[in-house]
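Below is one structure, written out as structure tokens; the observations come after it.
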Amino acid sequence: MTARDVALEVLVRVEKEGSYSNLELNRALKVAQLERADAGLATELVYGTIQRLNTIDGVLARKVQRGLAKLKPWVRNLLRMTAYQLRYLDRVPPHAAVNEAVAIAKRRGQQAMGGFVNGVLRAIMREPELWDAPPADGAVSRIAWEHSHPEWLVARWIAAYGEAETAAMCAANNQPPHGSARVNRLRGTREALLGEMRADGYRAEASALSPDGIVAAGAGNLAHSAWYRDGRLSVQDESSMLVVEALRPEPGMRVLDCCAAPGGKSTHIAERMGDRGEVTANDVHAHKVALIEEQAARLGLTSLRVLNVDAAELGQALPPASFDAVLLDAPCTGFGVIRRKPDIKWAKREEDVAAIAALQERLLAEAARMVRPGGRLVYSTCTVEPEENEDAVRRFLERTPGWALDASWTRALPQDVLDAALRRSPAGMLQVLPQDAGSDGFFIACLQRTDGPEEAGPERN
């Protein structure tokens, strides 16, 4: 199979079966065993086509008289994939892209289908003005067309962040993510690992966001590296590394991670504690609990134990007020990671936001029960929706006496890099947007339990 054959297969599966693009792409690439350059092209075609889907469909709809919906899925996605190449990929000669599409159509259909595909694509080549935004009905439709996002999502973001921030966020969502990793402090320093990576030809730099982070350009998947296998690093986005700065774990503490899979934040916490104390990593899915155990073993952590219960029912498995610090990295819409998972913006609906916010409300109340007086509760999500983020925290504070926001933790963050995020965020909270630092959109809030006498925590070693 060629790179385009693989990409087409993935796009069809994503559309027909509702599959996740990253999982389908990984599966298809393993089967096809493409050369590195071809695997890169297939990856670009899958993610790029999904990222620009509604703009591409808008252009194609002007040249497919009977309507895109009446085409077979493979024909529809072949046209989409090739239109993406014509508009967004400079390194692929337009005529070569069209010829490849016609060849695929003939192999999969018949001579007439090749002629149909050729006619539609060459019409697009002749009329570049088709890509111009339709007469503007306002900022929502313009941004949705130019940056290919659902109009309902753009409208929500404009209401929350304004037109300029929304346009910047949508543009950032269409940029390829850079590689980032977290250094395991228990198995060496960041400086030593950076030296090794550079000696091996990697363009690696220290993260400006996290003292444990590394950013690597053109490094491929670092999970396939010897450093990963040896437990010296974990693949993690820089924004999510900031959770540990809010939690501030120390050796000897008892910490609970309520929704821990696949274990990135739990293991980061244990590393920061010097592997001294107790980290309880819980997840509702048994197969994901096994992933957490695998990560702990790979990193050489012995302070981490796992639990397999519903986070909404933690009180039935654990004694209340028994942890110094609790992390609730809550299930969310995931709109902060669109650049990594572009199908999210097409799969979610507006009503999903309220449904997920209701679940978060239940989980937050249960997580709070686990915190001892004087302890901390950190709430985080990988979304940019205020209803799931700062509104959720405010609702919790309004109905739960004995809690207050802790604003002290943000003072230790890199103020210059996160200037925009800190200015837009209420005290004690941090809302990072994708354009702020080239990292994922992420939200973090730190709450302190203030009711009752502060109990002595475990002995700090």
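The values are calculated or read from the model by the stated rules, or taken from the named source; none is laboratory data. These numbers come from a predicted model, not from an experiment. Virtual Cβ from ideal backbone geometry, glycine too; neighbours counted across all protein chains shown. All accessible areas refer to the heavy atoms of the entire protein, side chains included, with ligands and DNA or RNA removed. Shrake-Rupley method; radii C 1.70, N 1.55, O 1.52, S 1.80 Å.
Here the stretch 304-316 is the region considered, the condition is being of a type outside the set (D, E, K, R) and either open to solvent by 50 Å² or more (accessible area, probe 1.4 Å) or within 19 Å of Val243 (Cα to Cα) (or both), and the residue that is modelled with the lowest pLDDT is Gln316.
Summed over the stretch 8-63, residues that are open to solvent by less than 40 Å² (accessible area, probe 1.4 Å), of a type in the set (Val, Ile, Thr) and out of contact with any Leu (no Cβ under 7 Å at 6 or more places or on another chain) total 5.
Listed by first and then second residue, the pairs with beta-carbon distance under 8 Å, at least 6 apart or on different chains, first residue in the stretch 234-257 and basic (Lys, Arg), second modelled with pLDDT of 95 or more and not in a strand (DSSP E or B), are Arg248/Trp409; Arg254/Gly277; Arg254/Ser322.
This table checks each residue for (1) among the charged types (D, E, K, R); (2) in a loop (DSSP other than H, G, I, E, B); (3) open to solvent by 60 Å² or more (accessible area, probe 1.4 Å); (4) closer than 19 Å to Gly336 by Cα.
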{"position": "Asn118", "(1), (2), (3), (4)": "no, no, no, no"}
{"position": "Ala133", "(1), (2), (3), (4)": "no, yes, no, no"}
{"position": "His149", "(1), (2), (3), (4)": "no, yes, no, yes"}
{"position": "Arg156", "(1), (2), (3), (4)": "yes, no, no, yes"}
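Among the residues of the stretch 68-116, the ones that are assigned to a loop (DSSP other than H, G, I, E, B) and either among the small types (Gly, Ala, Ser) or open to solvent by less than 30 Å² (accessible area, probe 1.4 Å) (or both) come to 4 in all. All of (1) of a type in the set (D, E, K, R); (2) open to solvent by less than 50 Å² (accessible area, probe 1.4 Å); (3) outside any loop (DSSP other than H, G, I, E, B) hold for Asp440 with one exception: (3).
Let's see how each residue does on (1) in a loop (DSSP other than H, G, I, E, B); (2) more than 17 Å from Tyr228 (Cβ to Cβ):
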site: Ala172; (1), (2): no, yes
site: Gln175; (1), (2): yes, yes
site: Glu205; (1), (2): no, yes
site: Ala216; (1), (2): no, no
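Looking at the stretch 394-435 only, could you name the residues that are open to solvent by 30 Å² or more (accessible area, probe 1.4 Å), under 19 Å from Ser239 (Cβ atoms), in contact (Cβ under 8 Å) with a residue 12 or more places away in the chain and in a helix (DSSP H, G or I)? Selection gives Ala412, Ala420, Leu422, Arg424, Gln435. Among all residues of the stretch 272-294, there is none that is in contact (Cβ under 8 Å) with a residue 40 or more places away in the chain, touching a Ser or Thr at 6+ places or on another chain (Cβ under 8 Å) and within 17 Å of Tyr228 (Cα to Cα). Residues considered: Ala357, Ala368, Ala312. Of these, the only one that is in contact (Cβ under 8 Å) with a residue 24 or more places away in the chain, in a helix (DSSP H, G or I) and out of contact with any Leu (no Cβ under 8 Å at 6 or more places or on another chain) is Ala357.
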